[in-house]
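The values are calculated or read from the model by the stated rules, or taken from the named source; none is laboratory data. Remember, it's a predicted structure, so these values are computed and weren't measured experimentally. Note that we place each Cβ from the backbone using ideal geometry, even for glycine, and neighbour counts take in every protein chain shown. Note: areas computed on protein heavy atoms with side chains; ligands, DNA, RNA excluded. Shrake-Rupley method; radii C 1.70, N 1.55, O 1.52, S 1.80 Å.
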Amino acid sequence: MTTGHDDRILIINARVDGRGWTTSVRIGGDRIVAVGPELSRLPGEYVVDARGGILLPGLHDHHIHLLALAAAHGSVLCGPPAVRDRAALAAALRSAAARTRRGGWVRGVGYHDSVAGPLTRDDLDTMVADVPVRVQHRSGALWMLNSAALAAAGLDDQAGAAVSAPPGAGRGPAGRPDGRLFRLDGWLRERLPPAPAPDLSAVGRQLAAFGVTGVTDATAGTGPAEAELLAAAVTRGDLPQQLTLTGGPELTPLEHPRIRLGPVKIVIDEGEPVEFDTLVAKLRAARAAGRAVAVHCVTRAALVLTLTVLNVLNAGADVDTEADAEEAGTAHPGDRIEHGAVIPPDLVDQLVERGLTVVTQPHFITERGDEYLNEVDGEDLPWLYRCAGLQRAGVAVAAGTDAPFGDPDPWRSMRAAVTRRTAAGNLIGPGETVDPAAALALYLGDPASPGGPARRVIPGAPADLCLLAEPGPAALRTLSADLVTLTIAAGRIIADNR
């Protein structure tokens with residue numbers, strides 16, 4: 001993954017920390033060892049001429065799904081903007097089925113109901129009947145299977161009769177499986193034909209080209225096996241980015257300088273009932289493991305429930321009811337709200353009081369905003385994927401792409417935070433716009449403290465860097481991945497676009 005240069009690099013003529021003059025930055029090993037205007041080349045140093053471009057700390061994507069992103073590279077896009085109606089969906093799936101080897105499956109991603117409504121097995125059978133097809137909703141929470149896939153997964157016998165199904169498997173008339181599997185990724189994965197491990201080197205290269213030197217994998221289902229797979233990719237250099245893992249409370253620290261454990265990921269699904277006691281138990285499990293929590297909240301109700309239950313975090317509190325929780329205390333350092341899709345003003349003070357960080361996705365305003373205008377309650381529209389209003393109130397805010405469920409380019413996310421415009425040009429939540437510098441800072445926070453002070457290019461800091469082709473003012477006007485000329489991770493060049 002590296003270019004072959006050793007870890008002794010001298011960058012000259014760079015603009016650092018918003019200064020109006022150029023300076024030099026020396027890298028030794030995985031650290032910045034010196035910053036100053038009078039640095040001369042030492043024997044064996046590889047010299048990079050920044051030509052007046054701004055040198056930034058490498059970007060950190062605070063919410064991404066690495067294995068799903070790797071799998072998406074070989075999948076069929078089944079939703080907007082590539083696919084917008086039933087005919088286009090059928091054409092895409094039939095084309096993929098024609099290329100699928102015998103015994104293989106077609107894997108579709110990014111589906112939204114605006115294309116052809118809530119898909120069932122019968123809908124998919126009219127498109128592809130003889131090859132197993134599974135299509136993932138863009139939320140990541142739902143798989144939709146055709147009849148061939150249901151039979152291959154063991155949910156239909158050869159005569160089409162229903163067999164035992166796990167909770168989360170949808171049923172149609174007479175108990176017949178309808179092909180809709182909710183939050184059953186692990187169950188389905190065990191029934192798929194053997195396949196090679198996802199190619200994380202392609203993900204590593206893609207992220208490096210964007211200037212990303214660190215990621216937080218926010219996948220709730222990450223267990224020891226997935227953690228080992230990701231760790232192996234980091235060790236090989238396929239994934240050169242610094243890695244923070246969320247996953248479940250059973251994960252243990254990995255002995256690798258570029259991998260750390262982050263908060264325990266907890267998912268509250270929209271439209272699904274959540275027992276108060278169940279959520280309390282999950283929080284207690286995280287605390288028993290000595291970890292903070294990152295709670296998936298994409299509805300107002302989910303956020304209210306989370307804020308209530310997070311009161312159990314007061315050490316030693318005996319919390320058995322909601323009334324107890326209201327009296328129980330404040331949040332643990334590092335607790336996060338993931339997405340924060342709807343945060344109305346009346347809940348903001350509670351975020352501040354509990355010291356919660358919000359890791360959001362402003363680019364969903366651009367990618368999905370026109371659909372939100374038709375689907376979201378009007379009173380919630382101003383409070384979707386907020387940035388500026390939360391920051392003014394004192395809430396720490398960071399951003400992640402949620403790739404592959406969002407575009408993996410963090411620069412697009414930054415532009416969306418600045419404009420708050422949908423693809424059709426509609427403005428949503430004008431009070432939430434931020435200036436370009438603040439948008440960039442959403443991806444510059446320390447992974448252990450997202451939304452905190454931006455990392456800086458200073459002696460002793462990790463040599464995780466992103467060089468842009470333009471000085472600061474011009475780069476901020478553009479906020480484009482096209483400006484990334486060089487990416488350095490742990491003192492090694494991992495992308496060179498000069």
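Going through (1) -0.29, -1.31; (2) -0.44, -1.18; (3) -0.34, -1.26, the figure that equals log10 I(q)/I(0) by the Debye sum over Cα atoms at q = 0.06, 0.13 Å⁻¹ as computed for the structure here is (1).
By a 1.4 Å probe calculation restricted to protein chains, THR419 has an accessible surface near 60 Å², given to the nearest 10. Of the accessible area of the chain, computed with a 1.4 Å probe over protein heavy atoms only, carbon and sulfur atoms account for 52 percent. The listed peptides 59-66, 255-262, 355-362, ordered by packing as a protection proxy, come out as 59-66, 355-362, 255-262 (highest mean of other Cβ atoms within 10 Å first). Per residue, the accessible area of the chain comes to 41 Å² when a 1.4 Å probe rolls over the protein heavy atoms. First select every other residue whose beta carbon is under 15 angstrom from the beta carbon of ASN426; then total the charges, Lys and Arg +1, Asp and Glu -1. With Lys, Arg at +1 and Asp, Glu at -1, the neighbours total -2.
Note down the net charge around HIS332, summing +1 for each Lys or Arg and -1 for each Asp or Glu among other residues with Cβ under 11 Å from its Cβ. Can you show the working numbers first?
Values: positive: ARG287, ARG291, ARG336, ARG354; negative: ASP335.
So the surrounding residues net to +3.
Note on the chain: dipole from Cβ charges, positive end direction compared against GLY378, ASN311, SER449; the farthest Cα belongs to SER449. Farthest toward the positive end of the dipole of the range 214-282, out of GLY247, PRO263, VAL215, is the Cα of VAL215, where the dipole comes from beta carbon charges about the Cα centre. Could you tell me what percent of the DSSP beta bridges with both partners in the chain are antiparallel, to the nearest 5? Antiparallel bridges make up about 50 percent of those DSSP assigns within the chain.
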